[in-house]
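**Q** My questions will all concern the structure given below.
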Amino acid sequence: MISAARELESPNAAPSDFDAIYDRHFDFVWRSLRRLGVPDALLDDAAQDCFVVVHRKLDTLREGASVHAWLFGISMRIARNYRRSARRKPTTSLDTDSAESPESGPFDDLASTEARKTLQRFLDSLDEDRRAVFVLAELEDLSAPDISEALGARVNTVYSRLRTARERFVAFLAILPTTMLAVSKMPWPRWTM
């Protein structure tokens, strides 16, 4: 039990216990699937499918490999399948937008919802390769070598995709109406300041 706790201290450690991986990384997988374009109505199913694959392939995780990178690679393939399926048979979500914190007011809720929708529209406009790099680098704060490992691409390719995705993001924000930017609390990307 103590060794399992030590393995979880490092995000790049490779715990061999499925339950520990699930507990530690479920939120990351769910966020990744959402950002990779899985429809909201299918997120729970996609996350379950992802962890079914994790359980089945846990023994293939190399010692010392980045668990985040490995999980993102699985999530990316699951998301691709769900996006394809959603195009063939669209679904509608019965869920309403997630509840905001009780301390936030209606304007904060609106701004947060608009920022999420704006970000999702931008992510939907990117091709799959740039989208994956942008999500991992800017939203999950993974390093280029970790992204390279997750995607099976060279590090220079990762940097190139990230640069073009950032340029497109700045261009995307530039064409938004100024009123939308005023309502949205989405900060300007840190690399443009």
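The values are calculated or read from the model by the stated rules, or taken from the named source; none is laboratory data. Fair warning: this is a prediction, and the values are worked out from it, not measured in the lab. All Cβ positions, glycine included, derive from the backbone under ideal geometry; neighbour counts span all protein chains shown. The protein model used for the area step is the full one, side chains on, heavy atoms only, and it has no ligands, DNA or RNA in it. Shrake-Rupley method; radii C 1.70, N 1.55, O 1.52, S 1.80 Å.
**Q** Please give the number of the condition Asp124 fails out of (1) farther than 20 Å from Trp30 by Cα; (2) surrounded by fewer than 18 Cβ atoms within 10 Å (Cβ to Cβ); (3) touching a residue at least 40 places away in the same chain (Cβ under 8 Å).
**A** (1)
**Q** Another question, if that's okay. If you go through the stretch 127-169 one residue at a time, how many are among the aliphatic types (A, V, I, L, M), more than 18 Å from Phe28 (Cβ to Cβ) and outside any helix (DSSP H, G or I)?
**A** Total satisfying the criteria: 1.
**Q** For the stretch 35-64, give me the residue count where each residue is of a type in the set (D, E, K, R) and either open to solvent by less than 20 Å² (accessible area, probe 1.4 Å) or touching a residue at least 60 places away in the same chain (Cβ under 8 Å) (or both). Steps first, answer last, please.
**A** Residues of the stretch 35-64 that are of a type in the set (D, E, K, R), as a first pass: 35, 40, 44-45, 49, 56-57, 59, 62-63.
Filter once more, so that each one left must be either open to solvent by less than 20 Å² (accessible area, probe 1.4 Å) or touching a residue at least 60 places away in the same chain (Cβ under 8 Å) (or both): 35.
Qualifying residue count, the stretch 35-64: 1.
**Q** Separate question: Within the stretch 1-28, restricting attention to residues that are modelled with pLDDT of 90 or more and either open to solvent by 70 Å² or more (accessible area, probe 1.4 Å) or in a loop (DSSP other than H, G, I, E, B) (or both), which residue is nearest to Arg84 (Cα to Cα)?
**A** Asp27
**Q** Here are some residues: Arg87, Arg121, Arg31. Which one is at pLDDT 85 or above, part of a helix (DSSP H, G or I), out of contact with any strand residue (DSSP E or B) (no Cβ under 7 Å at 6 or more places or on another chain) and over 21 Å from Ala144 (Cβ atoms)?
**A** Arg121
**Q** Considering the stretch 22-69 alone, what residues qualify as being among the aromatic types (Phe, Trp, Tyr) and out of contact with any Asp or Glu (no Cβ under 9 Å at 6 or more places or on another chain)? Let's see the steps before the verdict.
**A** First, the residues of the stretch 22-69 that are among the aromatic types (Phe, Trp, Tyr): 22, 26, 28, 30, 51.
Selection gives Tyr22, Phe26, Phe51.
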